[in-house]
Amino acid sequence: MKDITIGSSLKSLQPIYSGKTEKSDGNKGAFGDTLKGAIRDVNQLQSEADASLKRLIVGKSEYLHETMIASEKAGIAFRLMVAVRNKAIESYKEIMRTQL
């Protein structure tokens, strides 16, 4: 089974918290690219957890703990993504309220 780490998802969010705003291709900022990468990582974790569950169900895997770990990693990454989304929406609303 491929090594699944949430650390890679968290590292992809590092530029957001460190204040770095490097441009990647001139059209989009690092913030948008970072969010897309984090979403892609969460989707990959969910796909791998689903594949692990399918392998367990059909009997190709005997290790329940690997399936549970993959599922929990996907769940934690998804909850992190939702929290970041909620914070971004909250920040946007706050900015819109302060501008007159």
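The values are calculated or read from the model by the stated rules, or taken from the named source; none is laboratory data. These figures come from a predicted structure and were not determined experimentally. A quick note on method: Cβ atoms are made from the backbone with ideal geometry, for glycine too, and the neighbour counts reach across all protein chains shown.
Within the range 29-44, residues that are closer than 16 Å to V82 by Cβ sit with their Cβ atoms under 8 Å from residues that are assigned to a helix (DSSP H, G or I) and among the aromatic types (F, W, Y), at 6+ positions apart or across chains, in these pairs: V42/F78.
Filtering the range 28-59 to residues that are of a type in the set (K, R) and at pLDDT below 90 leaves only K28.
Can you confirm whether K87 is within 26 Å of S47 (Cβ to Cβ), touching a Leu at 6+ places or on another chain (Cβ under 7 Å) and at pLDDT 90 or above?
So K87 does not fit the description; no.
Within the range 55-86, the residues that satisfy the criterion of being part of a helix (DSSP H, G or I), surrounded by 12 or more Cβ atoms within 10 Å (Cβ to Cβ) and either in contact with a His (Cβ under 9 Å, 6 or more places away or on another chain) or not hydrophobic (A, V, I, L, M, F, W, C) (or both) are R55, E66, T67, S71, E72, K73, G75, R85.
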